[in-house]
Structure formats: C-alpha cells, structure tokens
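Report on the structure given below.
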Ligand SMILES: Nc1ncnc2c1ncn2[C@@H]1O[C@H](COP(=O)(O)OP(=O)(O)O)[C@@H](O)[C@H]1O
Ligand code: SF4
Ligand SMILES: [Mg+2]
C-alpha cells in the first residue's frame, strides 16, 4: 500500500465522486469456442479506475487476469469474443472497429507485458521505435521525435540515453529493455496504463526499481494503472485498490489496505496466507491446495468449492454473487455475512 495514498477511509475503493474515472469496465466477458460448446474465460467482470489510481488485479495463473487486460485493449486473440462495456475517459469503446483500435491503443491506453521483447521490434533501434510512436500518434517531425525519444529514455532512468537510443533490443539487459518498453508506452502520456506482470521476469532489485519508476511516472502524468500480478507482495506495495480473480470472476474487491488486513473470501485468505510477510492468519488456513478448474460450465455452485475448506452443500449447488459487505468491500461467498 502506498503510504502517500492512504487519504481515503478504509473500505472506500474509490475516492470522492468528483474524481473522474479513467476506465470503466462493465459486465465484461470473453468466450472461446470449444468442443463442449464454448469456454467463458472472463465472466461478468466489472470495475473502474479513477485518474491517478492503481488497481491491482491478483489471482493464480489461469484465472483470467491477462484475458481481462487484453479485452480492455481490444486484443483478445481470434476466435475469442469479447462482450460488455468498456469506457475510457468517457468514451465508449465497446463497438470500436478494428481500424479504430490502434489509435486508442497507442495514445489513450498503453500496455506493458511481462516479456519486453514481445513489445519491441528486434530489428529496429530502441530510439527509432519510440520516435515512431511519437511520429504516428503526436505528429512530430523526425528530428523532434528522436530528441523526445532520448528524453523519454532518460526519464525512465536509462543511463547514457543518447547512446542507448542507438542500441537494438538484444543489446540491452532485461531490466533496460523493460524500461525502454515503459518509455515507449508512456511516450504519448496515456490516460490508462495496463501492466501485465511487468516485473515478473526481472530480478528483485531491478523489479523494485521498475516499480518505483512506474509510480513516479504515474504521479507525473496522472494516469490510471491496471497492475496485474500473481505476486501479492508486489501488489500490496503499489495498488490503491485490489480485485481478486478466481476462475474468470471477481471474488473479492476492496482497497488494498482493507484487502490485505481483512481479507474475507477464503480464496483471498489462502493467497495471503502464502505470503510470510503479510500473512496474519497462520492458524486459520493452510496454503490453498488443488488448482484452478479449467472449465467452469459444469460447476453449478461456487467455483472455489472444490478447494475451499469451508465448502458445504449450499456452496456446491448455488453460485455466490459479488455483493457489498462493507464500504467499498465486495465479496462473493455464502459464508461471509
Ligand atoms: N487463445 C486461447 N484460447 C482458449 N482459451 C484460452 C486462450 N488463451 C487463454 N485461454 C484460457 O483463458 C483462461 C484465462 O487465461 P489468462 O487470462 O491468461 O489467465 P491469467 O493471466 O490469470 O494467468 C485460462 O483458462 C486459459 O487457458
Ligand atoms: S461460497 Fe462456499 S465454497 Fe465458495 S468460497 Fe465461500 S465458503 Fe468457500
Ligand atoms: Mg497472465
């Protein structure tokens, strides 16, 4: 939790109504065709992020975190289908055509993924790649764009930026490459940055540097950040609010402060329990056993029931819905009152 951000009452997931929402996602779902008749990998997900805030998205591998992010960016791979409402700074993107998406993606919403090489062109110098973004989206002239690219590399803490701008991606270390991707993502000062496991492939020291850098830049630009990670310790450091995903759905939502001190969903409790540095409940739950189910259709009740120590007959037959249990604190569990 960011100590400078604890200016909201516990339980408030969003600041006052006056703070404009950068991103609103309503009833988002992603389906893939499958021999069984279709596989819904994101199921009725709704959330919003206000300007300047960071939403952490946590959950084990396979819970739908990346697919949710890809849907927000209009990047769900074929033959996947996205449904629901996505509103970026008041503009509804739900029915955007494939020709309209690139403009939005480069300019208003940017992304950083786990593997920087996927975002970089291996055959193009780093500086030229950033300059290209500025030429396309900001209409800068070549020389001006080159200057700005170097400035951008300097901003993300790349030493000898003018020299490094001439390097090809493979000539940089993993940490430097991810900095370059962040420089490129932030070149057009996006309203929303979607970061999907941006530091997972990096060593701990570099990871800390990159996270600090993202926060600094966020403070400067005022962008909203959707920060996806399976690493709760990292999320507890940087998120203002958190959603916990399990099997394609949100099972708990709260401010980071509340979520990490009073987790209510057995799944969240289990996740936190696996963290020695923030786990408080050694006596309640052991590490969660089992794995995320890969198909959810056959499951009539709670999708977590097969792994939940509190599951009973009701849990196995009736699906719990996400409902408010406190101010800004929502949980989908029959056993939480
Ligand atoms: N191209 C695809 N076709 C069908 N299913 C997919 C595809 N890509 C991912 N999935 C499934 O979607 C689910 C969610 O995946 P993902 O969003 O990558 O999870 P996470 O990021 O939380 O690890 C998983 O069950 C995964 O197997
Ligand atoms: S609804 Fe039942 S099975 Fe699901 S998380 Fe709550 S107690 Fe566990
Ligand atoms: Mg993922």
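The values are calculated or read from the model by the stated rules, or taken from the named source; none is laboratory data. Fair warning: this is a prediction, and the values are worked out from it, not measured in the lab. With ideal geometry, Cβ positions are generated from the backbone for all residues, glycine too; neighbour counts draw on all protein chains shown.
Among the residues of this structure, residue 26 counts as one that is surrounded by 14 or more Cβ atoms within 10 Å (Cβ to Cβ), part of a strand (DSSP E or B) and either more than 16 Å from ligand 3 (Cβ to nearest atom) or at pLDDT below 95 (or both).
Among the conditions (1) surrounded by fewer than 16 Cβ atoms within 10 Å (Cβ to Cβ); (2) within 11 Å of ligand 1 (Cβ to nearest atom), residue 76 misses just one, which is (1). Scanning the stretch 325-337 for residues that are within 13 Å of ligand 2 (Cβ to nearest atom) and part of a strand (DSSP E or B) yields 325, 331.
Of the residues in the stretch 282-323, how many are within 16 Å of ligand 3 (Cβ to nearest atom), under 16 Å from residue 267 (Cβ atoms) and at pLDDT below 75? Walk me through how you get there before you give the answer.
Let us first name the residues in the stretch 282-323 that are within 16 Å of ligand 3 (Cβ to nearest atom), namely 291-292, 294.
Subset that is under 16 Å from residue 267 (Cβ atoms): 291-292.
So of that shortlist, the ones also at pLDDT below 75 come out as none.
Going through the stretch 282-323 one residue at a time, the tally reaches 0.
Would you tally the residues in the stretch 308-324 being surrounded by fewer than 18 Cβ atoms within 10 Å (Cβ to Cβ) and more than 6 Å from ligand 2 (Cβ to nearest atom)? Count: 11. Evaluating residue 294 against the criteria (1) part of a loop (DSSP other than H, G, I, E, B); (2) under 19 Å from residue 43 (Cα atoms); (3) in contact with a helix residue (DSSP H, G or I) (Cβ under 7 Å, 6 or more places away or on another chain) leaves one unmet condition, (3). Residue 130: more than 30 Å from residue 63 (Cβ to Cβ), in contact with a helix residue (DSSP H, G or I) (Cβ under 8 Å, 6 or more places away or on another chain) and at pLDDT 90 or above, yes or no? So residue 130 passes the test. On inspection, residue 114 passes the criterion of being in contact (Cβ under 8 Å) with a residue 24 or more places away in the chain and in contact with a strand residue (DSSP E or B) (Cβ under 9 Å, 6 or more places away or on another chain).
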